[in-house]
Amino acid sequence: MTRPNLDGDEGRAAYRAELRRVGWPLRWGGLALILVAAGMVLAVKDGKWLSEDLLIVAYGLLAAGWALVVTAIFMRTRHHKRRLAEGL
C-alpha cells in the first residue's frame, strides 16, 4: 500500500474513513460490553437483582469492554503510523 494522499479534501476524507474501519468490530463490541455491564451494575445496586455474584460478572464485563476499546485504539494508531511510514 502507498502513503495516503492527504493533500486534498477527498484524500483526507478517504483516509479518515479508512481509519474509522480499523478495529471497528472491537470498538463497537467493547462499547456494547460496557453498556451491558453498566446496566448490570445499576440493576444490582438498585436491588433489582439480589445476587452479588452478578456484580463481579458485571465488573469483569466492564473490564473486558474497556480492554477491547483500548485494543482497537492501539490497532488504529499502529495502522496510522505504518501507513504514514509507507510500511503497510
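The values are calculated or read from the model by the stated rules, or taken from the named source; none is laboratory data. Quick caveat, the model's predicted, so the values are computed rather than measured. Cβ placement follows ideal geometry from the backbone for every residue including glycine, while neighbour counts extend to all protein chains displayed. Remember, those area values only see protein heavy atoms, side chains included, never the ligands or the DNA or RNA. Shrake-Rupley method; radii C 1.70, N 1.55, O 1.52, S 1.80 Å.
With semi-axes defined as the square roots of five times the eigenvalues of the C-alpha gyration tensor, the equivalent ellipsoid of the chain measures 40, 12, 6 Å, largest first.
So how tilted is helix 9-21 from the main axis of the chain? Cα-based, degrees 0 to 90, rounded to 10. It is inclined by approximately 40 degrees. Backbone phi angles across the range 39-51, fed through the Karplus curve with coefficients 6.51, -1.76 and 1.60 (θ = phi - 60°), yield HN-Hα couplings of x, 5, 4, 5, 5, 5, 5, 7, x, 6, 10, 8, 7 Hz in residue order; Gly and Pro are listed as x.
The label point for Met75 and the one for Ala63, both projected 7 Å from the Cα toward the Cβ, are 2.2 nm apart. Sorting the segments 17-30, 47-60 by their mean number of nearby beta carbons within 10 angstrom, highest to lowest, gives 17-30, 47-60. For the pair the range 23-56 and the range 60-86, the centres of their Cα atoms are 21 angstrom apart. Per residue, the solvent-accessible area of the chain (1.4 Å probe, heavy atoms of protein chains only, all protein chains present) comes to 70 Å².
The apolar share of the surface of the chain, taken as the fraction of accessible area on carbon and sulfur atoms (1.4 Å probe, ligands and nucleic acids excluded), comes to 65 percent. Based on Cα contacts under 8 Å between residues 6+ apart, the chain shows a relative contact order of 43 percent. Annotation: amide H-H contacts under 5 Å for Trp49 (H modelled 1.01 Å from N, sequence separation of 5 or more, or interchain): Val44.
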